[in-house]
Amino acid sequence: MNATTTAASTAHLDYVLRIADSALILGQRLSEWCGHGPVIEEDIALTNTALDLIGQARLLLTHAGQLEGKGRDEDSLAFLRAEPAYRNLTICELPNEDFGRTCLRNFLFSAFQAPLWQALAGSADAQLAAIAGKSGKETRYHVQHAADWVVRLGDGTEESQARMQRALEYLWPYTAEFFSPLATDAQAEAAGVGPAWSSLKGAWEQAVLPVLEVATLKVPAATPFLSRGKEGRHSEHMGHLLAEMQYLQRAYPGARW
């Protein structure tokens, strides 16, 4: 295998892991709402969204293990990597806080996932294209559900509007990471694996900005801040999340139920 082929294979694996890890980590975060939702219908809705994301992660991590070729399966990749090996977007690992911030984070992230899945349906990687076809249907529901709550809470009471505005000011800077360029992105795009994530910004803004306007929420001014979770540089929250998520596998390695 020559250097060019090796670089393309590494970029392909990195690309799949970024999508897989983002789904896995946000799924883990949303699972924390199980039994704690404000009403039973939303408790179930958030739990179902978490299950959808973890289902996506399972398919993608299995595929990543095959691409890597080192015998690691979905469980090994999910539970037995060190923190810097995860490639999830930082926004996915942030604490849930209140219901409004959770819904807003779901909206911002799923509105990014939707055009990504749409583009990946035409991937030269047939397995990734198949995963995208299934996942895109789930994500369309996630976008609609989260958007409905963003509008309801943003254009609601004085208290709910103030909380949603604070949530937007907290979360918005992390969305810059969605579109920050990576060398592996360009390589994956050249190989036909999927689009460079920077190319999705227009579609994302088209979905997000009208909803925020209806929700009476003001988009914060841009700042130089750029999170780098997809490069393996995570927030202080990631280690605590992994300690809980990985505990059982590390305490009982190789256990089967």
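Only one of these is in contact with an Asp or Glu (Cβ under 9 Å, 6 or more places away or on another chain) and within 15 Å of LEU89 (Cβ to Cβ): LEU241, LEU200, LEU217, LEU171. Name it.
On the way: LEU200 fails: in contact with an Asp or Glu (Cβ under 9 Å, 6 or more places away or on another chain); LEU217 fails: within 15 Å of LEU89 (Cβ to Cβ); LEU171 fails: in contact with an Asp or Glu (Cβ under 9 Å, 6 or more places away or on another chain).
Testing whether each residue is in contact with an Asp or Glu (Cβ under 9 Å, 6 or more places away or on another chain) and within 15 Å of LEU89 (Cβ to Cβ) leaves just LEU241.
What tally of residues in the range 163-178 results from selecting those that are surrounded by fewer than 18 Cβ atoms within 10 Å (Cβ to Cβ) and among the hydrophobic types (A, V, I, L, M, F, W, C)?
Of the residues in the range 163-178, 1 are surrounded by fewer than 18 Cβ atoms within 10 Å (Cβ to Cβ) and among the hydrophobic types (A, V, I, L, M, F, W, C).
Go through (1) surrounded by 22 or more Cβ atoms within 10 Å (Cβ to Cβ); (2) among the aliphatic types (A, V, I, L, M); (3) more than 24 Å from ARG228 (Cβ to Cβ); (4) within 18 Å of the chain's Cα centre (by Cα) for ALA121 and report which single condition fails.
Single failed check for ALA121: (1).
Out of the residues in the range 14-44 that are surrounded by fewer than 20 Cβ atoms within 10 Å (Cβ to Cβ) and part of a helix (DSSP H, G or I), state the one that is modelled with the highest pLDDT.
SER31
SER135 versus (1) polar (S, T, N, Q); (2) surrounded by 17 or more Cβ atoms within 10 Å (Cβ to Cβ); (3) touching a His at 6+ places or on another chain (Cβ under 9 Å); (4) part of a helix (DSSP H, G or I): which is the lone unmet condition?
(3)
Considering only residues of the range 147-166 that are in a helix (DSSP H, G or I) and acidic (Asp, Glu), which is farthest from ASN96 (Cα to Cα)?
At the first step, the residues of the range 147-166 found to be in a helix (DSSP H, G or I) are 147-154, 158-166.
Still in the running and acidic (Asp, Glu): 148, 158-159.
Details: ASP148: 18, GLU158: 21, GLU159: 18 Å.
This residue is GLU158.
For ARG72, are the conditions met, namely being part of a loop (DSSP other than H, G, I, E, B) and of a type in the set (Lys, Arg)?
On the way: part of a loop (DSSP other than H, G, I, E, B): yes; of a type in the set (Lys, Arg): yes.
Yes.
Which of the numbered conditions does ALA57 fail, given that it passes all the others? Conditions: (1) small (Gly, Ala, Ser); (2) in contact (Cβ under 8 Å) with a residue 60 or more places away in the chain; (3) under 28 Å from ALA196 (Cβ atoms).
(2)
The values are calculated or read from the model by the stated rules, or taken from the named source; none is laboratory data. From a predicted model like this one, the values you see are computed outputs, not experimental measurements. Glycine also receives a Cβ, built like all others from the backbone with ideal geometry; neighbour counts cover every protein chain displayed.
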